[in-house]
Amino acid sequence: MLFVAMMALSAAAANGEKNFGGVGIDGVAAPDGQITVRQLVAGGPAHVAGIKVGDVITHIDGKPTRGSDFRQMVHKRLRGRAGTPVVLKVRREGVEKPLTFTMQRQQLVVTTPKEK
């Protein structure tokens, strides 16, 4: 599996970009393009909406993730102007039907660990 952070912008770049919006998910791209949620930003849109670690994102705004380019999905479909809506459809282990979550992108403050 390819490990790529969905919040790959540096803290300075993300914090400095005025209308940058995201949903607060760190994901792992599967070879087929689907994204498994690896980590959530506490209090971020995805966390508040109820997305959980281990969920597999199958659709973004009605478009399937399978067969899509991971970086394109992150930069063009998950990220966007803060305050704009995004709809994610996910597959969750133990749940028969896909779950749909609607959330608003937020300006995220990405922090880096302080060195001692």
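The values are calculated or read from the model by the stated rules, or taken from the named source; none is laboratory data. All values derive from a computational prediction rather than experimental measurement. Note that each Cβ is placed from the backbone with ideal geometry, even for glycine, and that neighbours are counted across all protein chains shown. These accessible areas exclude ligands, DNA and RNA; they are computed on the full protein's heavy atoms, side chains included. Shrake-Rupley method; radii C 1.70, N 1.55, O 1.52, S 1.80 Å.
Residues that are in contact with a Phe, Trp or Tyr (Cβ under 8 Å, 6 or more places away or on another chain) and modelled with pLDDT under 85: does segment 48-57 have at least one?
No, that holds for no residue.
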For Arg71, only one of the following conditions fails: (1) open to solvent by 30 Å² or more (accessible area, probe 1.4 Å); (2) in contact with a strand residue (DSSP E or B) (Cβ under 8 Å, 6 or more places away or on another chain). What is its number?
(2)
Of the residues in segment 55-68, those that are touching a strand residue (DSSP E or B) at 6+ places or on another chain (Cβ under 8 Å) and over 15 Å from Thr100 (Cα atoms) number 1
What tally of residues in segment 79-95 results from selecting those that are at positive phi and open to solvent by 80 Å² or more (accessible area, probe 1.4 Å)?
1
Where the second residue is hydroxyl-bearing (Ser, Thr, Tyr) and assigned to a loop (DSSP other than H, G, I, E, B) and the first is over 18 Å from Leu99 (Cα atoms) and lies in segment 31-43, which pairs have Cβ atoms under 9 Å and are six or more apart or on separate chains?
Asp32/Thr65; Gly33/Thr65; Gly33/Ser68
Write out, first by first residue and then by second, each pair whose Cβ atoms fall under 6 Å of each other, whose residues are 6+ apart or on separate chains, and whose first residue, in segment 81-105, is free of Cβ contacts under 8 Å to residues at least 40 places away in the same chain while the second is acidic (Asp, Glu) and surrounded by 12 or more Cβ atoms within 10 Å (Cβ to Cβ).
Val87/Asp61
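Answer with yes or no whether Ile51 is part of a loop (DSSP other than H, G, I, E, B), surrounded by 12 or more Cβ atoms within 10 Å (Cβ to Cβ), of a type outside the set (D, E, K, R) and within 11 Å of the chain's Cα centre (by Cα).
yes
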Filter result (at pLDDT 75 or above and farther than 18 Å from Val87 by Cα) within segment 1-43:
Val28, Ala29, Ala30, Pro31, Asp32, Arg38, Gln39, Ala42
